[in-house]
Every structure is written in structure tokens, then in C-alpha cells.
Amino acid sequence: MSIASPLAALGRPVLRALAAVGRVALFAGEAVSHLFRPPFYGREFLTALIQIGWLSLPVVGLTAIFTGGALALQIYAGGARFNAEAVVPQIVAIGMTRELGPVLGGLMVAARVASSIAAELGTMKVTEQIDALTTLSTNPMKYLAVPRILAATLAVPVLVAVGDSIGIAGGWLVAISRLDFNSAGYLKNTLDFLQFWDIGSGLVKGAVFGFLVALMGCYMGMTSGRGAQGVGAATKAAVVAASVLILASNYLLTEVFFSA
Amino acid sequence: MIELSGVHKAFGDNRVLRGVDLVIPKGQSMVVIGGSGTGKSVLLKSVLGLVRPDLGTITLDGVDVTKGDRDAFLARFGMLFQGGALFDSLRVWENVAFRLLRGHQKRPKTEARAIAVEKLRRVGLKPEVADLYPAELSGGMQKRVGLARAIAAEPEIIFFDEPTTGLDPIMSGVINELIREIVVEMGATAMTITHDMSSVRAIADRVAMLHQGVIQWTGPVSEMDATPDPYVQQFIHGRADGPIESVR
Ligand SMILES: Nc1ncnc2c1ncn2[C@@H]1O[C@H](COP(=O)(O)OP(=O)(O)O)[C@@H](O)[C@H]1O
Ligand SMILES: [Mg+2]
């Protein structure tokens with residue numbers, strides 16, 4: 001056996017992965033370039049806004065309230081080890097706004113939205129609806145991808161803001177009902193402590209995550225393989241890719257925003 | 001006039017088109033026949049640029065279809081896809097009027113709807129169907145809605161991929177007549193794929209048979225029955241034995 005073959009075996013998947021990254025980047029570039037060129041499809045944008053933003057509110061709210069509640073319990077228990085139980089409001093607030101609000105909200109949206117976009121566009125691809133759009137002089141990128149990507153980029157920060165508030169409310173509820181905190185004092189501590197950038201950084205993260213979720217949903221859907229199996233694979237790939245990209249970009253953004 | 005010369009297309013190891021040469025004269029009805037899986041749909045899609053040929057050229061009125069203004073090019077075409085390819089998020093009339101509701105051919109909603117209802121009538125569908133969603137229709141009805149959408153903007157060139165597959169004989173007759181009318185009255189150029197020999201006789205000016213990636217035979221429909229070509233003879237008589245293998 002030649003010495004090159006193990007290297008080749010290693011090199012091939014790496015090359016394939018790089019090629020995939022390149023294709024996604026080209027797709028993203030094309031989508032963004034269409035953002036600024038007419039025609040614009042307002043009705044599709046509004047539908048996407050409702051689908052992605054409004055209809056995701058329950059799942060994001062539920063995620064946030066339980067997370068905020070659990071966070072309060074953990075910080076109280078952890079803080080008690082060095083007599084720092086009093087930091088619960090501050091840590092819940094900063095934990096929700098900077099990390100858990102955007103990341104968990106983003107992951108829930110990835111599960112809900114990346115999958116549904118990929119399945120819908122994948123089905124359109126395998127039933128030739130995307131080809132049909134082209135023959136009807138409508139650019140599928142403009143008509144299908146751009147409204148969804150724009151809607152997700154704008155809607156997810158709003159979802160994050162709502163999630164932050166509900167998460168903090170969850171922490172407050174647990175703190176006053178289970179941990180003997182005083183209601184007004186808890187809220188005052190939270191408000192005094194939070195700075196604009198704690199919230200702002202989370203909203204920026206939300207916009208990036210929303211973009212990534214819709215991008216992966218559209219890319220995987222529009223490049224779906226053939227048949228039901230192709231759509232299934234595209235849906236799975238969209239959720240996995242969106243989730244991993246959210247976690248990786250969250251780390252990078254945190255480095256950029258907060259490392260000294 | 002549409003002219004294909006030396007068109008090749010492979011998907012991986014599957015060499016589907018292996019040098020297709022074909023001329024579709026302006027204002028004529030060309031019917032493409034051939035076994036299933038021989039690449040007839042791929043051939044139509046190549047002309048429209050939905051499939052990119054590996055080799056060869058396709059021209060429309062002497063201009064390479066891959067060059068020039070793509071919007072203006074596509075505006076001249078109507079296409080009925082083999083599976084209908086209706087947009088399932090839109091109502092039937094919005095599907096039919098798709099081109100009339102946006103872009104260069106945009107017009108008021110009521111007018112677009114009226115045109116859609118009229119086209120639906122021409123493919124044998126009642127006005128009540130207009131407000132349904134595609135998923136609420138039978139396969140044959142979806143096919144006819146697809147046909148109505150293809151002709152809605154009155155294109156100069158129309159491609160029909162198996163327009164009568166899945167229709168009952170009476171409806172097939174209606175659709176055959178409609179396609180003939182479109183060619184004769186509107187002067188459109190049509191390219192139709194079908195397996196249905198009664199359709200071939202009803203709508204074709206010329207016939208081309210695709211087999212093993214090339215045009216095996218082409219000629220006026222009047223010469224089809226008399227041609228000695230064994231492939232054509234086997235196909236039009238539906239015989240199991242002959243040069244075309246029945247296991248493909
Ligand atoms: N997008 C595609 N990717 C891979 N193979 C394809 C694709 N489209 C068509 N094919 C293959 O090309 C061949 C011809 O298909 P098609 O043109 O649909 O046949 P038909 O003559 O029945 O219309 C088939 O073997 C089909 O599997
Ligand atoms: Mg076909």
C-alpha cells in the first residue's frame with residue numbers, strides 16, 4: 001500500500017467539507033445580494049414573519065420560563081456554598097440575556113424553523129415546484145429564500161427579547177415563591193444590575209442565529225436530494241447544521257463581544 | 001425555431017442524452033415519444049435551462065439559450081411539468097394566474113382571476129375549482145390546472161410533459177384538441193412528450209423518437225406508420241419483442 005492512500009483518505013472528506021462550506025457561502029452571498037435588488041415579495045415576507053416569529057413565541061416562551069426558574073434554583077444552591085445566595089437576580093439576568101436567551105431561543109427556532117423550511121422547500125424541489133417558479137420568470141432565491149432569511153433575521157432578536165423577559169420572570173417567580181426573595185427587591189436588583197450591552201449583545205446574537213437558521217433551512221431544502229428520502233435527509237441536515245453553527249458562532253461572538 | 005445539436009447530459013454514470021440533434025420548426029407541433037426513463041423530460045428541461053447540458057448547443061431563433069436576457073427568454077415559454085408542479089401554498093386560480101400577478105405581465109387581481117377562470121374552463125374545469133388548493137384535487141385535475149397555468153400568459157412556445165397521462169379518455173380528447181387549437185389558432189410552437197399514441201396522432205405535425213440518448217427517428221406524423229424503423233414500429237404497436245429491450 002502506498003504511503004499516500006491514508007493521506008488521501010483523510011484529505012477527501014476534508015476537501016468535501018471545504019467544498020460544502022464554499023457552496024453554503026456562495027448561497028448566502030447570493031441571498032444577501034438579492035436583499036437589495038427588486039422585485040421584493042412582501043406577501044411572502046409577511047407569511048414568513050408570522051411562521052417564524054409569531055408562531056415560535058410559545059415554544060420560546062416555555063423554554064425561557066423553565067430555564068429562568070431552574071437557573072434561579074441552581075444559582076441559589078451554588079451561591080449558598082460561599083454565602084452568596086443574594087446574587088440570584090443578577091446572575092439570572094446576565095445569564096438569560098447574554099447566553100441562555102439567545103442560545104436556547106436560537107436552538108428552539110432551529111428545531112422548529114430550519115426543519116420546516118427545509119422540508120417545505122425540499123418538497124418543492126422534488127415535486128419540481130422550484131423549476132416551475134423559474135419557468136414562470138420568478139427567481140426562487142428571491143421568492144423563497146430571501147423572504148425567509150430576512151424574516152428570521154428580524155424576528156429572532158424579538159423572540160430573544162421576549163425570551164429574556166420571560167426567563168427573568170421565571171427566575172423571579174421561583175425566587176419569590178421558593179427562595180424567600182422579596183419581589184420588589186429582586187426586580188430592583190435586576191434592573192440596577194443589567195447594562196444595555198448585556199441585552200444588546202444577546203439581540204445581535206439572535207439576529208445572527210436567525211440568519212443561520214433560515215439560511216441552512218433554505219440551502220438544504222433547495223439542494224435537497226430526490227424523493228421522500230432526499231427531503232428527510234435535507235431536513236435532518238438543516239437542523240444539525242443550524243444547531244452546530246449557532247453554538248459555534250455563539251462562542252465566536254462571545255469572544256468578540258466580551259473577551260478582555 | 002428551436003435547434004438542438006449534439007446535446008449530451010449525464011447524471012453520474014447514467015448517460016441520459018448522448019448527442020441529441022433535433023429541430024422544432026416555428027409554429028409546429030413536435031411530439032417526442034420514447035420509453036420511460038429515456039430522458040424525454042431531461043430534454044425539455046435542457047431547452048429551458050433547468051438542466052445544464054454537458055455538451056452541445058441549443059438555440060432559439062439562432063440565439064444560444066444560455067446567452068442573453070434570461071427573463072425575456074423565459075417569458076416566451078409555458079411549461080407543463082410531468083407531475084403538475086403546482087404551488088401547494090397557493091389556490092388553484094393563483095397558480096394559473098401566477099405570471100399575471102407579478103413581474104412584467106402584472107395586471108389587476110380581478111382581471112387575472114377572470115383570465116384564470118377562463119383558462120380553467122378551457123381545460124375542462126369548473127369555476128368552483130378556482131378557490132380550492134391543489135391538494136384538494138385529483139391527479140388528473142392537477143395536471144389540467146398545470147396545463148391552464150402553462151397557457152395562461154399565452155406564450156409563443158409551449159412544452160407539455162405528458163399532458164394526458166392520468167386522464168380518462170374523454171378528458172384526454174379534450175386536452176388533445178386544446179393543444180391542437182393552441183398551435184393552430186395562436187400560432188404557438190409546441191413540444192409535447194407523450195406515450196399515448198392517440199395523442200400523437202391528434203396533436204403532432206412532426207414526431208421524434210428518443211432512444212438510448214439519441215433521436216432514433218424523426219419525421220412528419222404522416223410518415224410515422226410507414227417508416228420501416230423497427231424501433232418506431234415496436235413502440236407505436238406496443239410490442240414486447242423487438243429491438244427495444246423490455247427490461248430497462
Ligand atoms: N435531477 C436528476 N438527477 C439525477 N438523475 C436524473 C435527474 N433527472 C433525471 N434523471 C435520470 O435521467 C433519466 C431520464 O429521466 P427522465 O427524463 O425523467 O425520463 P423520461 O423519458 O421518462 O421523462 C432517468 O434515469 C432519471 O433517473
Ligand atoms: Mg418524463
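The values are calculated or read from the model by the stated rules, or taken from the named source; none is laboratory data. This one's a predicted model, so the numbers in the text were calculated from it and none came from an experiment. Cβ coordinates were reconstructed from backbone atoms using ideal geometry, including for glycine residues, and neighbour counts include every protein chain displayed. Heads up: the accessible areas ignore ligands, DNA and RNA and are worked out on the full protein's heavy atoms, side chains in. Shrake-Rupley method; radii C 1.70, N 1.55, O 1.52, S 1.80 Å.
At-a-glance table
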read-out: Every residue from region B:59-107 that is over 21 Å from the mean Cα position of the chain (by Cα), basic (Lys, Arg) and crowded, with 17+ Cβ neighbours inside 10 Å; value: B:ARG91, B:ARG102
read-out: Region A:169-202, residues that are in contact (Cβ under 8 Å) with a residue 24 or more places away in the chain and of a type in the set (Asp, Glu); value: A:ASP198
read-out: Given (1) free of Cβ contacts under 8 Å to residues at least 12 places away in the same chain; (2) open to solvent by less than 30 Å² (accessible area, probe 1.4 Å); (3) charged (D, E, K, R), number of the condition A:LYS205 does not satisfy; value: (1)
read-out: Number of the condition not met by B:ASN14 [criteria: (1) within 16 Å of ligand 2 (Cβ to nearest atom); (2) loosely packed, with under 13 Cβ neighbours inside 10 Å; (3) more than 28 Å from B:SER246 (Cα to Cα)]; value: (3)
read-out: Boolean, B:GLU136 is at positive phi, surrounded by fewer than 17 Cβ atoms within 10 Å (Cβ to Cβ) and of a type in the set (D, E, K, R); value: no
read-out: Tally, over region B:104-152, of residues that are within 14 Å of chain A (Cβ to nearest Cβ), of a type outside the set (A, V, I, L, M) and over 22 Å from B:ILE182 (Cβ atoms); value: 5
read-out: A:LEU46 out of contact with any Ser or Thr (no Cβ under 8 Å at 6 or more places or on another chain), away from every other protein chain (no Cβ under 14 Å), surrounded by fewer than 21 Cβ atoms within 10 Å (Cβ to Cβ) and of a type outside the set (Gly, Ala, Ser); value: no
read-out: Pair list, Cβ under 6 Å, 6 or more apart: region A:6-29 residue closer than 15 Å to A:CYS218 by Cβ, other residue in a helix (DSSP H, G or I); value: A:VAL24/A:TYR219; A:PHE27/A:TYR219; A:ALA28/A:LEU215
read-out: Any chance B:GLY19 is farther than 23 Å from A:THR134 by Cα, more than 14 Å from every other protein chain (Cβ to nearest Cβ) and not polar (S, T, N, Q); value: yes
read-out: Filter result (at positive phi and either modelled with pLDDT under 90 or in contact with a helix residue (DSSP H, G or I) (Cβ under 7 Å, 6 or more places away or on another chain) (or both)) within region B:140-166; value: B:GLU154, B:GLY166
read-out: Test: B:GLU154 is open to solvent by 10 Å² or more (accessible area, probe 1.4 Å), away from ligand 1 (no atom under 16 Å from the Cβ) and within 15 Å of the chain's Cα centre (by Cα); value: yes
read-out: Conditions (1) within 13 Å of ligand 1 (Cβ to nearest atom); (2) surrounded by 22 or more Cβ atoms within 10 Å (Cβ to Cβ); (3) more than 15 Å from the chain's Cα centre (by Cα); number of the one not met by B:SER46; value: (3)
read-out: Every pair of residues 6+ apart whose Cβ atoms lie under 9 Å, when the first sits in region B:64-80 and is facing another protein chain (nearest Cβ under 8 Å) while the second is surrounded by fewer than 13 Cβ atoms within 10 Å (Cβ to Cβ); value: B:ASP71/B:HIS104; B:ALA75/B:HIS104
read-out: Within region B:11-43, considering residues that are more than 9 Å from ligand 1 (Cβ to nearest atom) and among the hydrophobic types (A, V, I, L, M, F, W, C), the one farthest from B:LEU60 (Cα to Cα); value: B:ILE33
read-out: Identity of the residue in region B:211-248, assigned to a helix (DSSP H, G or I) and in contact (Cβ under 8 Å) with a residue 12 or more places away in the chain, that ends up most open to solvent (accessible area, probe 1.4 Å); value: B:PRO230
